[in-house]
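The next block holds one structure in the form of C-alpha coordinates; read it before the comments.
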Amino acid sequence: MCICEHIRPLQTKTRFVILMHPKEYKREKNGTGQMTMLQLENSEIIVGVDFTNNKRVNEILTKEKSCSFLLYPGKESFNLSIRKGSETNSFMGNNPYLFILDGTWPCARKMLKLSKNLQTLQRIGFDNKIKSKFTFKQQPAPLCLSTIESVHTVLNLLKESGLEQCETKDFLVPFGKMIEFQLEYIIN
(Lines give C-alpha, C1' and ligand atoms only; values in the text may rest on other atoms or scores of the structure.)
Protein backbone atom coordinates (compact mmCIF):
# COMPACT_ATOMS: atom_id res chain seq x y z
CA MET A 1 0.00 0.00 0.00
CA CYS A 2 1.39 3.38 -0.99
CA ILE A 3 0.12 6.62 0.51
CA CYS A 4 2.59 8.87 -1.34
CA GLU A 5 -0.04 10.65 -3.42
CA HIS A 6 -1.78 11.78 -0.22
CA ILE A 7 1.29 13.24 1.50
CA ARG A 8 1.22 17.05 1.83
CA PRO A 9 4.13 18.11 4.05
CA LEU A 10 3.55 21.04 6.39
CA GLN A 11 6.12 23.62 7.39
CA THR A 12 5.96 24.19 11.14
CA LYS A 13 7.83 26.31 13.66
CA THR A 14 7.86 23.36 16.02
CA ARG A 15 10.47 20.74 15.22
CA PHE A 16 9.24 17.20 15.75
CA VAL A 17 11.69 14.47 16.73
CA ILE A 18 10.08 11.04 16.48
CA LEU A 19 11.92 8.53 18.64
CA MET A 20 10.94 5.23 17.10
CA HIS A 21 11.28 1.86 18.77
CA PRO A 22 13.24 -0.62 16.57
CA LYS A 23 10.27 -3.05 16.47
CA GLU A 24 8.11 -0.27 15.04
CA TYR A 25 10.82 0.64 12.54
CA LYS A 26 11.30 -2.93 11.30
CA ARG A 27 7.65 -4.01 11.17
CA GLU A 28 5.69 -0.90 10.30
CA LYS A 29 6.73 0.51 6.93
CA ASN A 30 3.48 2.50 6.82
CA GLY A 31 3.31 3.13 10.56
CA THR A 32 1.92 6.34 11.96
CA GLY A 33 5.37 7.55 13.08
CA GLN A 34 6.74 7.29 9.55
CA MET A 35 3.55 8.85 8.19
CA THR A 36 3.87 11.74 10.66
CA MET A 37 7.47 12.38 9.62
CA LEU A 38 6.44 12.48 5.94
CA GLN A 39 3.70 15.01 6.74
CA LEU A 40 6.05 17.38 8.61
CA GLU A 41 8.96 19.13 6.88
CA ASN A 42 10.46 20.04 10.25
CA SER A 43 10.76 16.49 11.54
CA GLU A 44 13.11 13.55 11.81
CA ILE A 45 13.07 9.96 13.03
CA ILE A 46 15.68 8.53 15.36
CA VAL A 47 15.51 4.78 16.00
CA GLY A 48 16.42 3.28 19.36
CA VAL A 49 15.31 2.19 22.82
CA ASP A 50 17.68 3.96 25.21
CA PHE A 51 18.48 7.48 24.00
CA THR A 52 20.64 8.44 26.99
CA ASN A 53 23.85 8.39 24.91
CA ASN A 54 22.30 9.02 21.48
CA LYS A 55 24.52 11.60 19.74
CA ARG A 56 21.72 13.30 17.74
CA VAL A 57 19.26 13.46 20.65
CA ASN A 58 21.90 14.94 22.95
CA GLU A 59 22.97 17.41 20.25
CA ILE A 60 19.39 18.72 20.11
CA LEU A 61 19.07 18.80 23.90
CA THR A 62 22.26 20.82 24.37
CA LYS A 63 21.55 23.51 21.76
CA GLU A 64 21.57 26.86 23.55
CA LYS A 65 18.58 28.40 21.84
CA SER A 66 16.27 25.42 21.64
CA CYS A 67 13.51 24.54 24.03
CA SER A 68 12.89 20.80 24.12
CA PHE A 69 9.81 19.02 25.40
CA LEU A 70 8.45 15.47 25.53
CA LEU A 71 4.92 14.75 24.32
CA TYR A 72 3.81 12.24 26.92
CA PRO A 73 0.70 12.00 29.09
CA GLY A 74 0.77 12.56 32.81
CA LYS A 75 -0.40 14.82 35.60
CA GLU A 76 2.85 16.79 35.51
CA SER A 77 2.47 17.64 31.80
CA PHE A 78 1.92 21.19 30.57
CA ASN A 79 -1.66 20.77 29.35
CA LEU A 80 -2.07 22.47 25.96
CA SER A 81 -5.86 22.05 26.19
CA ILE A 82 -6.11 24.23 29.28
CA ARG A 83 -3.31 26.75 28.77
CA LYS A 84 -3.79 29.07 25.86
CA GLY A 85 -2.19 31.95 23.99
CA SER A 86 0.69 33.81 25.56
CA GLU A 87 1.06 31.28 28.39
CA THR A 88 1.82 28.51 25.85
CA ASN A 89 4.07 30.80 23.78
CA SER A 90 6.14 31.91 26.76
CA PHE A 91 6.40 28.31 28.02
CA MET A 92 7.47 26.75 24.71
CA GLY A 93 9.38 29.59 23.04
CA ASN A 94 9.51 30.38 19.32
CA ASN A 95 11.06 27.24 17.80
CA PRO A 96 10.55 24.34 20.21
CA TYR A 97 11.64 20.77 19.71
CA LEU A 98 8.96 18.23 20.56
CA PHE A 99 10.11 14.66 21.19
CA ILE A 100 7.56 11.93 20.54
CA LEU A 101 7.93 8.28 21.53
CA ASP A 102 6.70 6.05 18.70
CA GLY A 103 5.98 2.42 19.50
CA THR A 104 3.44 0.38 21.38
CA TRP A 105 2.53 1.84 24.77
CA PRO A 106 4.63 -0.78 26.63
CA CYS A 107 7.59 -0.01 24.32
CA ALA A 108 7.16 3.75 24.81
CA ARG A 109 7.15 3.34 28.60
CA LYS A 110 10.35 1.27 28.37
CA MET A 111 12.00 3.88 26.12
CA LEU A 112 11.22 6.61 28.65
CA LYS A 113 12.32 4.48 31.61
CA LEU A 114 15.72 3.78 30.01
CA SER A 115 16.38 7.23 28.53
CA LYS A 116 17.70 9.35 31.40
CA ASN A 117 17.98 12.44 29.18
CA LEU A 118 14.30 12.27 28.17
CA GLN A 119 13.21 11.95 31.80
CA THR A 120 14.57 15.45 32.48
CA LEU A 121 12.44 17.08 29.77
CA GLN A 122 9.31 19.03 30.61
CA ARG A 123 6.28 17.16 29.33
CA ILE A 124 3.55 18.42 27.07
CA GLY A 125 0.10 16.84 27.09
CA PHE A 126 -3.51 17.53 26.16
CA ASP A 127 -7.03 16.51 27.11
CA ASN A 128 -8.16 14.03 24.52
CA LYS A 129 -11.81 14.16 23.60
CA ILE A 130 -11.71 11.97 20.49
CA LYS A 131 -11.50 8.23 20.00
CA SER A 132 -8.65 6.93 17.85
CA LYS A 133 -9.57 5.91 14.34
CA PHE A 134 -6.72 3.39 14.46
CA THR A 135 -9.00 0.45 15.09
CA PHE A 136 -6.41 -2.11 14.01
CA LYS A 137 -4.12 -1.52 16.96
CA GLN A 138 -5.25 -2.07 20.49
CA GLN A 139 -4.88 0.98 22.69
CA PRO A 140 -4.50 0.65 26.48
CA ALA A 141 -7.33 3.12 27.05
CA PRO A 142 -10.24 4.28 24.88
CA LEU A 143 -8.87 7.80 24.43
CA CYS A 144 -5.27 6.88 23.54
CA LEU A 145 -4.17 8.12 20.12
CA SER A 146 -1.67 7.06 17.49
CA THR A 147 1.40 9.19 16.79
CA ILE A 148 -0.13 10.99 13.82
CA GLU A 149 -3.39 11.67 15.66
CA SER A 150 -1.48 13.03 18.67
CA VAL A 151 0.65 15.33 16.51
CA HIS A 152 -2.47 16.53 14.67
CA THR A 153 -4.08 17.39 18.02
CA VAL A 154 -0.94 19.20 19.23
CA LEU A 155 -0.65 21.19 16.00
CA ASN A 156 -4.26 22.34 16.31
CA LEU A 157 -3.76 23.36 19.95
CA LEU A 158 -0.58 25.24 19.03
CA LYS A 159 -2.51 26.99 16.25
CA GLU A 160 -5.13 28.09 18.79
CA SER A 161 -2.32 29.56 20.90
CA GLY A 162 -0.81 31.36 17.91
CA LEU A 163 2.44 29.37 17.99
CA GLU A 164 1.69 27.63 14.66
CA GLN A 165 0.07 28.94 11.49
CA CYS A 166 0.03 25.76 9.36
CA GLU A 167 -3.17 24.40 7.83
CA THR A 168 -3.95 20.98 9.29
CA LYS A 169 -7.25 20.06 7.63
CA ASP A 170 -5.61 17.47 5.34
CA PHE A 171 -2.99 16.27 7.83
CA LEU A 172 -4.81 13.01 8.60
CA VAL A 173 -5.70 12.15 4.97
CA PRO A 174 -2.83 9.61 4.54
CA PHE A 175 -3.85 7.98 7.85
CA GLY A 176 -7.48 7.80 6.69
CA LYS A 177 -6.42 6.26 3.36
CA MET A 178 -4.35 3.64 5.19
CA ILE A 179 -7.36 2.71 7.32
CA GLU A 180 -9.63 2.57 4.24
CA PHE A 181 -7.15 0.23 2.56
CA GLN A 182 -6.99 -2.03 5.61
CA LEU A 183 -10.78 -2.18 5.88
CA GLU A 184 -11.08 -2.98 2.18
CA TYR A 185 -8.47 -5.72 2.52
CA ILE A 186 -10.32 -7.29 5.47
CA ILE A 187 -13.68 -7.18 3.68
CA ASN A 188 -12.31 -8.64 0.45
Please give, to one decimal in nm, the separation of the simple spin-label points placed at Ser77 and Glu180, each 7 Å out from Cα toward the Cβ. 3.0
Just from its helices, what would the mean residue ellipticity at 222 nm be for the chain, if runs of 4 or more DSSP H residues each count -39500 (n - 2.57) and the sum is divided by every residue, rounded to the nearest 500 deg cm²/dmol? -11000 deg cm²/dmol
Normalised by the residues of the chain, what does the relative contact order come to in percent, with Cα pairs under 8 Å and at least six apart? 29
Subtracting the Cα-Cα distance of Asn58 and Thr120 from 0.36 nm times their residue separation yields 21.1 nm
Solvent accessible area, Å² - Asp127, 1.4 Å probe, full protein context: 70
Would you tell me the accessible area of Val154, worked out with a 1.4 angstrom probe on the heavy atoms of the protein chains, in Å² to the nearest 10? 0
Stick to the Cα atoms of the chain, pair each with every other, and give me the Kirkwood hydrodynamic radius in Å at one decimal. 17.0
Please calculate the 1.4 Å probe accessible area of Lys116, with all protein chains present, and give it to the nearest 10 Å². 120
Longest principal axis of the chain (C-alpha) makes with the long axis of helix 173-187 (C-alpha) an angle, in degrees to the nearest 10, of 30
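The values are calculated or read from the model by the stated rules, or taken from the named source; none is laboratory data. All of these numbers come straight from a predicted model, not from anything done at the bench. Glycine gets a Cβ as well: all are built from the backbone with ideal geometry, and neighbour counts include every protein chain shown. These area figures cover heavy atoms from the full protein model, side chains too; ligands, DNA and RNA do not enter into them. Shrake-Rupley method; radii C 1.70, N 1.55, O 1.52, S 1.80 Å.
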